1. Filter B:LYS84/B:LYS107; A:LYS9/B:LYS206; B:LYS7/B:LYS213 down to the pairs with a C-alpha to C-alpha distance above 20 Å, please.
2. Under 10 Å from the Cβ of A:ALA44, count the other residues' Cβ atoms, weight Lys and Arg +1, Asp and Glu -1, and hand me the total.
3. Once the range B:29-186 is represented by equal point scatterers at the alpha-carbon sites, with solvent omitted, what log10 I(q)/I(0) does the Debye formula produce at q = 0.12, 0.20 Å⁻¹?
4. Taking chain B as a Gaussian network, Cα atoms linked when under 10 Å apart, which of B:ILE197, B:ILE11, B:ILE89 shows the biggest mean-square fluctuation?
5. Cα to Cα, under 18 Å, and not fewer than 8 places away if on the same chain: which aspartates and glutamates meet these conditions relative to A:LYS6?
6. No solvent, one uniform scatterer per C-alpha: report log10 I(q)/I(0) for the range B:46-134 via the Debye equation at q = 0.13 1/Å, two decimals.
7. Subtracting the Cα-Cα distance from 0.36 nm times the residue separation, let me have the gained length for B:TRP106 to B:LYS138 in nm, one decimal.
8. With all pairs of different alpha carbon atoms counted, what Kirkwood hydrodynamic radius in Å does the range B:117-211 show?
Amino acid sequence: MNTLEKYNKVFSESLELNIDQLSGLQYQGTALWDSVGHMTLVAAIEDEFDIMLETDDIIDFSSYEKGKTILTNSYGIEF
Amino acid sequence: MHFRLAKLSDINEIVSLHYNVRDTYSVGFFSKMRKSFFKQYYKILLSDPNEIILYAEDSDGYICGFASSTLDVEAQFRKLRKHKISLAIAAIPSFILNPKLVFEAWKRYRSTNANSEQKFVTATGARGEYWVWDKNNKDSVWSTVLYNKSLEIMHLLGSRFVRFEVDTINSRILLFHKRNGAVEESKIILDDGRERILMCIDLDKKFSKAKIKKTGI
């Protein structure tokens, strides 16, 4: 499974969405991506990529695309 | 948003936040108790050297939420037992309004005895207690940060394992804790039928130095 597939899997499992619903998705843009969903998503991403997200990044993680940018720019995870 | 450790001078805000939890979660002993009980309870906890209450405060000084925990739940139970009279007096208004609570309080008091077989919560080691966020606050995404910061503080202060409880009715919170690295240790059924999971998180693992940290690129 490549990085993008892992990222998509975490998103789709945490927010109970299909892969084709992820593009353009934003925080609070779907029922399960509320604050509780955000905590679960962040924890799942940390677990999947074995990283520790900084506070600023947790707060800035406001969309599916923004998450990829954060992981690439700040944690060296290439998609 | 910034975090700070709660002091006795913050007691009214803590009481208010915890008391208002009943607006969204109205089951359990604490959701039936009046404010006088909460005030005495937190007065005792805030004077306990093992207690850590981390506050989230916005730029206007408004308290948005808190996460409480103890480094030593056995010592906390001993302290609560020592103050049983003041707690009982503070609970009188609650008992008058709902006399059944006398029995509930008695059972909980007995459960704080080290030899008691009936347990409602984790009874040894470090324990995560309450994690409360003001439902009217729009910055609730900070609640995750608050929670993990409180775990970090526990870790820095020497706790490797932190135990806590989640009722299965809070299925999404339960899922979060599992994703966050906690594991189920056991399960109890409360008198009101609620199923409660006793969980444990290994903070060495959670905050492992081997994890990739921000690169600063």
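Just so it is clear, none of the values below were taken in a lab; they were calculated from the coordinates. This is a predicted model, so every value here is computed, not measured. So basically every Cβ, Gly included, is an ideal-geometry build from the backbone, and we count neighbours across all protein chains shown.
1. Long pairs (Cα-Cα over 20 Å): A:LYS9/B:LYS206; B:LYS7/B:LYS213.
2. -1
3. These q points yield log10 I(q)/I(0) values of -0.59, -1.50.
4. It is B:ILE89.
5. Output for A:LYS6: A:GLU16, A:ASP20, A:GLU46, A:ASP47, A:GLU48, A:ASP50, A:GLU65, A:GLU78.
6. Cα-only, vacuum Debye calculation for the range B:46-134: -0.55.
7. 7.7 nm
8. One over the average 1/r among Cα pairs gives 14.3 Å for the range B:117-211.
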